[in-house]
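Written out below as C-alpha cells is the structure these notes cover.
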Amino acid sequence: MGLVESLRMALALIFAGDRDVVSAIATSLEVAIWSIVFASLAGVPVGIGVALGNFPLKRVILVMLNTLMAMPTVVIGLLVYGLLSRQGPLGSLGLLFTPRAIIIGQAILATPIIANYTLSAIQGADKRILPTALTLGASNLQCFFQLVREARFGIVAAIIAGFGRVISEVGVAMMLGGNIHLYTRTMTTAIALETSKGDFAFGLALGVILMVISLAVNIFLTVAQEGRHA
C-alpha cells in the first residue's frame with residue numbers, strides 16, 4: 001500500500017470517528033492534562049522557590065533539575081514500575097497498568113521541565129519589581145504575586161512545554177500503562193503497536209492527530225513567548 005493510499009485511509013478513519021482512534025486520543029489527552037496539572041502544582045513553586053531562594057544547596061538543586069530534564073523516559077518508567085509493581089512499596093494500591101500509573105510517571109517527567117522554565121522566567125523578570133513593590137508598602141505576599149504576574153507568560157510557556165513533552169511520550173506510557181486496548185492505549189503506544197503489526201494507515205491516522213496537537217501546542221507556546229517579550 002502506497003503512502004497516498006495510506007493517508008487516504010488514515011483520514012477516513014479520523015473523519016469516521018473510528019472507536020480505536022477516538023479512544024487513543026481521549027486517553028492521551030486525559031493522562032497528559034492530569035499529568036500537567038500535577039506537574040504544574042509541583043514544578044511552578046519549585047521553580048519560583050529556587051529562583052528567589054538563596055540557600056547552600058541551590059547549585060546542587062539546579063544540577064539535579066537539569067539532570068532530570070535529560071533523564072530517559074524509560075528510566076522514569078522503570079523506577080515508577082518498581083514502586084507500583086506487586087513487590088514494590090505501593091503495589092497494594094493496584095495502580096500499575098492503569099491510566100493513573102501513566103499520570104504519575106508523566107507528571108514526574110514533566111515536573112523538572114516546568115520547574116526549569118519557570119525558574120528562567122522568574123530570573124528573567126525585571127529585578128526592580130520586588131524592591132519597588134516593597135518601597136510602595138506592599139506585603140511579601142503582594143510582592144510575590146506581582147512577580148508571578150510579571151513572569152506569567154514565561155510560566156504559561158513552561159506549562160505548555162511540559163504538555164508538549166508528555167503528549168508525545170511513549171516509554172512511560174508503554175511501561176506503566178501496558179498498552180491495554182481501549183483503556184491505557186495512548187496515541188504514541190498505539191502508533192508503535194499498529195505500525196509494527198503492519199497497520200500503517202491506523203498509525204498514520206494517530207500520527208496526523210498527534211502532529212495537529214503538537215502544532216497547536218507550539219503555536220500557543222510561540223504566542224506566549226511573544227507576549228512575554230511584548
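Take the residues in the range 183-223 that are part of a loop (DSSP other than H, G, I, E, B) and at pLDDT below 90; name whichever of them is surrounded by the most Cβ atoms within 10 Å (Cβ to Cβ). So the residue we want is ASP199.
Checked against (1) touching a Lys or Arg at 6+ places or on another chain (Cβ under 7 Å); (2) part of a helix (DSSP H, G or I), ASN179 passes all but condition (2). Against the conditions (1) closer than 27 Å to ALA158 by Cβ; (2) crowded, with 16+ Cβ neighbours inside 10 Å, VAL21 satisfies every one except (1). Counting only helices (runs of 4 or more DSSP H) that sit completely within the range 82-153, zero hold 1 or more residues that are among the β-branched types (Val, Ile, Thr), touching a His at 6+ places or on another chain (Cβ under 6 Å) and more than 30 Å from MET174 (Cβ to Cβ). Only one entry in VAL74, VAL63 is β-branched (Val, Ile, Thr), at pLDDT below 95 and closer than 16 Å to ILE113 by Cβ, namely VAL63. Taken together, the residues in the range 208-225 that are without any contact (Cβ under 8 Å) to a residue 24 or more places away in the chain and within 20 Å of SER6 (Cβ to Cβ) amount to 2. Criterion applied to GLY91, GLY47 was being in contact with a Leu (Cβ under 7 Å, 6 or more places away or on another chain) and in contact (Cβ under 8 Å) with a residue 40 or more places away in the chain, and the one residue passing it is GLY47. Looking only at the range 168-182, count how many residues are buried (at least 23 other Cβ atoms within 10 Å of the Cβ) and either at pLDDT below 90 or among the β-branched types (Val, Ile, Thr) (or both). Adding up the residues that qualify gives 1.
When the residues of the range 54-99 are filtered to those that are small (Gly, Ala, Ser) and loosely packed, with under 11 Cβ neighbours inside 10 Å, the one that is farthest from the chain's Cα centre (by Cα) is SER92.
The values are calculated or read from the model by the stated rules, or taken from the named source; none is laboratory data. Everything quoted here is computed from the prediction, not taken from an experiment. FYI the Cβ positions are ideal-geometry reconstructions off the backbone, even for glycines, and counts take in every protein chain you see.
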